[in-house]
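The values are calculated or read from the model by the stated rules, or taken from the named source; none is laboratory data. Treat the numbers as computed from the prediction; the structure is a model and nothing was measured. Neighbour counts are summed over all protein chains in view; Cβ atoms, including those assigned to glycine, are modelled from backbone coordinates with ideal geometry.
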Amino acid sequence: MRTSDFGRGMLETLGRYRIATPVRGPFADPAGKARNTQSARSEFAVFRDLGMRAQGKPSKVSEGVVLMMESIGHPDPDQRLIIHPRCDGLIAALANVQADRSDDDVYDTRHETYSHPLDALRYWHVNRYRRRSPGPPSSAARRPRTPRGPRMQF
């Protein structure tokens, strides 16, 4: 599927549910900023042409994993990530993915089935939150570096 077809499908789905085109997002892999070898255009440029502001911040896998784990286990129900029961691919990935063989702080990013939904969730967290805090971050406050979190339990 081409990026333009995917973007149009996103817009159609938003329209079907009467959801305005988001000001932020879609949140994507920062590698999408590179130019495509066939079209000489980046995926971010294609989204921009469709009226979407794609965002993709470079990050380490471990940084995104920490944010995901904090969100899933957040003690405040208003800040906890809730996964809809119809998100069966994401639920299966979270339930079944194994730790990476070389770094047990992250999931196996090469898994054919589970890495894609987990990568998408990780990109969303990194771009949306970067670092979780009790409330919205102040524009004047400097964001602290994300500390290395606890080991993932699979």
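What helices (runs of 4 or more DSSP H) completely inside segment 51-149 contain at least 1 residues that are surrounded by fewer than 16 Cβ atoms within 10 Å (Cβ to Cβ) and modelled with pLDDT under 90?
In segment 51-149, the matching helices (runs of 4 or more DSSP H) lie at 61-72, 115-128.
How about segment 16-50: which of its residues are surrounded by 15 or more Cβ atoms within 10 Å (Cβ to Cβ) and in a helix (DSSP H, G or I)?
Selection gives Pro30, Gly32, Glu43, Phe44, Ala45, Val46, Phe47.
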